[in-house]
Amino acid sequence: MKQTIFRMFTLALGLTSCCVFALSFNASAANDVTPAEARAIAKEAYIYGFPMVDNYRIQYTYFADSTGPEFKAPWNQLVNTPRVYTPADTTIQTPNSDTPYSFVGMDLRAEPVVLTVPPIEKQRYFSIQLIDAYTFNFAYVGSRATGNDGGSFLIAGPGWKGETPRGVKTVIRSETEFVLALYRTQLFDPGDLDNVKKVQAAYKAQTLSAFLGTPAPTAAPAIDFIKPLTPEAEKTSPQFFNILNFVLQFCPTNPSETDLMTRFSRLGIGAGKTFDASKLSSDMKAAIEQGMADAWADLAGLVKLFDAGKVTSGDVFGTREYLKNNYLYRAWAPPRSASMAIQSSKRCIRSMASMRQGKS
């Protein structure tokens, strides 16, 4: 019954027959994989998938779990947080305290989303960080990237083939069907908060049909979002791989990763598959858990390189093209990403403050 439900869901999403066939995977398929091979594959797949699974946890908390304490808004609806963050905001580990946030969780399966920003005074730094489901920071809208003159920017999913619509400055394409737009708006001082609220109130997020005033396309199928693991459980639970399989359904395979996905499939890891650790032998389950521990050992080694100044935040944070599929660097970014973004935005703020004061 469980496989039948997943098969129906996959067909509704229009995945290939190859992926549908892969849904028949069960623990017996792992009989051709030795524990040593399983350990190596689990390590590689964990490093590859950790940022995706942790990013899914954040998006689920903010946009899917409407009963949760940190729910922000439904998909494709912008929500502003017109205040500074406090220790009570725990989903993102280390948020900024001088750039109040706005958020949009974008579901691009049915149609693109258009983000419109108002003209903003030149002195005020703002940015919209666009993060795909792979966790690549694939584009920015904001003071440094597009300027403070305002405009409308269309965010398109991998299946959209349209032309640039009238009134849109730029079409920005995402590899994946879900995207997180993370806004930061500079707060000069506590007395400036009302001005920040005015800027935030002028931000807009609209589906393309709403932006153009045309009939909406057929809605994408409803999704039964899988419950994420806690940050601690992500480190040790083999259920991690089942969540990765769920996320991969919305991430068309990049050509550079075809062989990687073939290798992962030997362990039942791939788009739409069901990874059921309870059906594995004790040796195989232990091997997979050891592979996860091996991945964290590699991440710990990378932390030492960072602390020694041999790896910088700029090395681990960026586009697919920039990172060149360095999955260890990408895996290390989520625990560090908020603090990296803090440093980046503070540098921009300091730069713009110098400009206000007539300094070079």
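The values are calculated or read from the model by the stated rules, or taken from the named source; none is laboratory data. A quick note: this is a predicted structure, and the numbers were derived from the prediction, not measured. Cβ: placed from backbone, ideal geometry, glycine included. Neighbour counts: every protein chain shown. Please note that ligands, DNA and RNA were not included when accessible areas were found on the heavy atoms of the full protein model with its side chains. Shrake-Rupley method; radii C 1.70, N 1.55, O 1.52, S 1.80 Å.
Please tell me if LYS198 is in contact with a Phe, Trp or Tyr (Cβ under 9 Å, 6 or more places away or on another chain), open to solvent by 80 Å² or more (accessible area, probe 1.4 Å) and modelled with pLDDT of 95 or more.
So LYS198 fails the test.
Which one of these is free of Cβ contacts under 8 Å to residues at least 60 places away in the same chain and under 23 Å from ALA64 (Cα atoms): ILE155, ILE131?
Criteria check complete, one pass: ILE155.
Restricting to the stretch 186-195, what's the tally of residues that are assigned to a loop (DSSP other than H, G, I, E, B) and open to solvent by less than 30 Å² (accessible area, probe 1.4 Å)?
Looking only at that region, the number is 2.
With the requirement that a residue be open to solvent by 70 Å² or more (accessible area, probe 1.4 Å) and either within 25 Å of the chain's Cα centre (by Cα) or under 30 Å from GLN123 (Cβ atoms) (or both), what does the stretch 201-217 give you?
Result: ALA201, LYS204.
Which of the residues that make up the stretch 237-259 are open to solvent by 20 Å² or more (accessible area, probe 1.4 Å) and part of a helix (DSSP H, G or I)?
Of everything in the stretch 237-259, those that are open to solvent by 20 Å² or more (accessible area, probe 1.4 Å) and part of a helix (DSSP H, G or I) turn out to be GLN239, PRO255, SER256, THR258, ASP259.
Answer yes or no as to whether ALA277 is touching a Lys or Arg at 6+ places or on another chain (Cβ under 7 Å), surrounded by fewer than 19 Cβ atoms within 10 Å (Cβ to Cβ) and touching a residue at least 24 places away in the same chain (Cβ under 8 Å).
yes
Quick check, is LEU187 hydrophobic (A, V, I, L, M, F, W, C) and out of contact with any strand residue (DSSP E or B) (no Cβ under 7 Å at 6 or more places or on another chain)?
Yes.
With TYR183, TYR140 as the choices, which residue is part of a strand (DSSP E or B) and over 16 Å from LYS204 (Cβ atoms)?
TYR140
For the subset of the stretch 207-235 comprising residues that are of a type in the set (Ser, Thr, Tyr) and outside any helix (DSSP H, G or I), which member is farthest from VAL114 (Cα to Cα)?
Restricting to residues being of a type in the set (Ser, Thr, Tyr) and outside any helix (DSSP H, G or I), the top hit is THR230.
If I filter the stretch 61-79 down to residues being part of a loop (DSSP other than H, G, I, E, B) and touching a Phe, Trp or Tyr at 6+ places or on another chain (Cβ under 7 Å), which single residue comes out as least open to solvent (accessible area, probe 1.4 Å)?
Looking at the filtered set, the residue picked out is ALA73.
Being surrounded by 11 or more Cβ atoms within 10 Å (Cβ to Cβ) and of a type in the set (A, V, I, L, M, F, W, C) is the filter; apply it to the stretch 218-232 and report the residue that is farthest from PHE178 (Cα to Cα).
Among those residues, the one meeting the criterion is LEU229.
Can you tell me which residue is farthest from PHE250 (Cα to Cα) among those in the stretch 269-307 that are outside any helix (DSSP H, G or I) and at pLDDT 95 or above?
Residue satisfying both the conditions and the ranking: ILE269.
Test SER313 against the stated conditions and say whether it is within 18 Å of GLU37 (Cβ to Cβ) and surrounded by fewer than 21 Cβ atoms within 10 Å (Cβ to Cβ).
no
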